[in-house]
Structures are given as C-alpha cells and as structure tokens.
Amino acid sequence: MTGPIPRSSDPKDKVLYVENVCKAYGGKVVLDDVDLSVRSGEFCGVVGPSGCGKSTLLRLILGAEEPTSGRILLDNEPVGPPDPKRGIVYQKYSLFPHLTVLDNVLLGKRLTLDFAFRRQAAALTEEAMALLKQMRLEGDAAKYPHQLSGGMQQRVAIAQAMVMRPSILLMDEPFGALDPGTREDMQVHLLEAWEKSKMTVFFVTHDLPEAVYLATRVLVLTQFYRDERGDGYPGRGAKVVGDYDVAHLSGSTDLKRRAEYADLVQTIRQDGFEPEARRHVNDFNLKHPDSWRSLRPEESGG
Ligand SMILES: Nc1ncnc2c1ncn2[C@@H]1O[C@H](COP(=O)(O)OP(=O)(O)OP(=O)(O)O)[C@@H](O)[C@H]1O
Ligand SMILES: [Mg+2]
C-alpha cells in the first residue's frame, strides 16, 4: 500500500471536505491527519475531550487560521478567509451591544450588500423577522442585547448567522454557558430551525448526550488512540476516531429515555474520552457511510 485509503474520496457531492489536515502550533501537533466529509443538510455533532482541538478544527474550517498541511474544501473550493458562506455561533459575545436585535440580525446583510441593502431592506427585514419569529423572538426585535437573557441572546446569534444562508453553520459550544433548562429549550429551537432550513450544521460540544440528541451524525475527535508510534509518543495530535450515523436516533423527544441512546453515549464516551480504552487506528469506529478511512501506510500495519 502506498498512500491513505480514502473511503469518502469524492469532494464533489460534499459541502465540506477535510483531507489530511494537520495543525501544529510551534512544535505542538494539535490535529494529526484529520479527514472528514459532510453532505448538504447533515447535522454533525463533533465531540471530544477538552483541549483535543475541536475549536481549532472549527477555526480552520472558518478560515480564521490555515492548516499546517492538508486541504479543506467548502462547496468544492479551497477555503479562504472567513466569508458569508460560513456562519459561526460561539458560546458568547457575537452580538453588538449598541444595535437592536433586528439590526444585529441584519448586520451581515448590511455589510455585504452595502449600497444595495437599501433597495432590499424591506424584503430583508421581513426575512429577519421570520427568523426571529421562528426563534420565538418576534416581540423582542427592538430590544438591545442587554435586555435579553443568555438563551435569548444565543437565539439572536443563531438568527444572525442563518440570515446569511451559509453553506455551513459552525457552532462552538453554543449552549455551553446556559443553564440546563434553557439549554434543552435551545436544542429544540435549533432543531426546528434546522428542519425548516435544511442547513448543514457542524456543532461542537463536549456534551455527548446533546450531540446524540441533536445530530444526525456524531464525529469523535481525540488524541486517545494507538498507532505504530507507541503509547508513550508525546507529540500526538487528535484524529477522528469515531463517526456514527445517528439519524435514526436524533431529534425524537422521547429519545433520551431510550436504552439505545444511553448505550450509544456510553460507546462514544469510551471511543474518545477514556485514555485507557484507546483503540488502534486500524480499529477506529468509522461507521457512517461518508466517513473516511485514511491511514498512513506505517499506521495501517503494512
Ligand atoms: N493559537 C494557539 N497557539 C498555541 N496553542 C494553541 C492555539 N490554539 C489552540 N492551541 C492549543 O491547541 C489545543 C487544542 O485547543 P482547542 O481550543 O482547539 O481545544 P478544544 O477541543 O476546543 O477544547 P475545549 O473543549 O476546552 O474547548 C490546546 O492544547 C491548545 O492549548
Ligand atoms: Mg473549544
């Protein structure tokens, strides 16, 4: 064998295509040959232990940073600096405090359309109001961010990203700062918005139950794996060690009471979060039909 063995090697029908991506800061390898591809309309949950490189991967897809090696395609084109094709929702702080809710949602359109905005203002306002309504915020359009709860602010942030109709919506622990009850409400709002818009979502969380509940697919990123470099190898970065098709489980409201759900959460926890349970690269759990199997020749055992 002379090269990696890709199972998902055609970028043409994929929204997102990440191939052989490594990212190092100085001598520290964070992402170590990451491969993944995502189809349009998919809701990907990305989980992994703290510090494994989830946010780093998101920043690379956003174009805020460049990979050390490898390539990332969005709609079959290499990603450049951040642009409206990629929406992003962070845990906090994406709203401008001096703008109303409606103006926050319209800001991206105002900036990208420039002079053309005025001509389309009525239609865009209508669209923004429809999104606010979907997020149950139609009565709050004239308020300022400080007048809203954390959950409401995050719903504005989601509307703000969605109004741009990005090819992919990137979310980095978007509900991480919310209390459990609000968090559950947010999950329901997001699922509704996703179902209506058919958007492609890349959702990073370290809450496994949240990932399995929301996503149609769960990707597990971790540095806990074994390969020919030996267990003690210090410079190891993270890879995608698990890739699960969970479409049959996700989104159902009674899901969280089903044994299958708890079993899957447990399996994923073992896959990525337990250093003692680490498996060999040849035995990764890549069960999703779009998952990659891309092993270096020296890793694949010849
Ligand atoms: N700009 C940087 N310079 C140096 N090291 C960095 C930089 N950004 C991230 N790192 C390192 O990369 C590793 C991965 O960080 P990252 O924030 O991507 O992890 P994460 O999986 O998002 O963690 P968490 O779950 O805690 O948010 C960490 O060890 C971090 O210290
Ligand atoms: Mg992070």
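The values are calculated or read from the model by the stated rules, or taken from the named source; none is laboratory data. Quantities reported herein were computed from a predicted structural model and do not represent experimental measurements. All Cβ positions, even for glycine, are placed from backbone atoms using ideal geometry, and neighbour counts span all protein chains on display. The protein model used for the area step is the full one, side chains on, heavy atoms only, and it has no ligands, DNA or RNA in it. Shrake-Rupley method; radii C 1.70, N 1.55, O 1.52, S 1.80 Å.
At-a-glance table
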| quantity | calculated |
| --- | --- |
| Qualifying residue in the range 58-72 (condition: modelled with pLDDT of 95 or more, more than 19 Å from Thr200 (Cα to Cα) and surrounded by 16 or more Cβ atoms within 10 Å (Cβ to Cβ)) | yes |
| Residues (closer than 23 Å to Pro49 by Cβ and either open to solvent by less than 10 Å² (accessible area, probe 1.4 Å) or touching a Pro at 6+ places or on another chain (Cβ under 7 Å) (or both)) located in the range 167-185 | Leu170, Met171, Pro174, Phe175 |
| Test: residue in the range 220-231 that is open to solvent by 40 Å² or more (accessible area, probe 1.4 Å), at pLDDT 90 or above and under 26 Å from Leu36 (Cβ atoms) | yes |
| Residue among Asp271, Asp243, Asp231, Asp263 that alone is part of a strand (DSSP E or B) and either in the same structural domain as Leu58 (by TED's automatic domain parsing) or not hydroxyl-bearing (Ser, Thr, Tyr) (or both) | Asp243 |
| So Gly45, is it more than 13 Å from ligand 2 (Cβ to nearest atom) and open to solvent by less than 50 Å² (accessible area, probe 1.4 Å) | yes |
| Selection count where residues are surrounded by fewer than 24 Cβ atoms within 10 Å (Cβ to Cβ) and in contact (Cβ under 8 Å) with a residue 40 or more places away in the chain, scope the range 22-36 | 9 |
| Of residues in the range 130-150 being touching a residue at least 24 places away in the same chain (Cβ under 8 Å) and surrounded by fewer than 18 Cβ atoms within 10 Å (Cβ to Cβ), the one nearest to ligand 2 (Cβ to nearest atom) | Gly150 |
| Test: residue in the range 76-88 that is within 16 Å of ligand 1 (Cβ to nearest atom) and within 30 Å of Gly139 (Cα to Cα) | yes |
| Residue ID - farthest from ligand 1 (Cβ to nearest atom), chosen from residues in the range 23-55 that are of a type in the set (Lys, Arg) and at pLDDT 95 or above | Lys23 |
| Residue satisfying all of: in the range 93-122; touching a helix residue (DSSP H, G or I) at 6+ places or on another chain (Cβ under 8 Å) and among the basic types (Lys, Arg); nearest to Leu132 (Cα to Cα) among these | Lys109 |
| Odd one out for Met164, checked against (1) open to solvent by 10 Å² or more (accessible area, probe 1.4 Å); (2) over 20 Å from the mean Cα position of the chain (by Cα) | (2) |
| Test: residue in the range 78-88 that is open to solvent by less than 90 Å² (accessible area, probe 1.4 Å), farther than 19 Å from Met199 by Cα and either aliphatic (A, V, I, L, M) or modelled with pLDDT of 95 or more (or both) | no |
| Residue match in the range 89-101 (condition: open to solvent by 20 Å² or more (accessible area, probe 1.4 Å), over 23 Å from Ile268 (Cβ atoms), within 15 Å of ligand 1 (Cβ to nearest atom) and touching a residue at least 60 places away in the same chain (Cβ under 8 Å)) | yes |
| Criterion: among the β-branched types (Val, Ile, Thr) and farther than 15 Å from Phe202 by Cβ - qualifying residue of Val34, Val38, Val46, Val29 | Val29 |
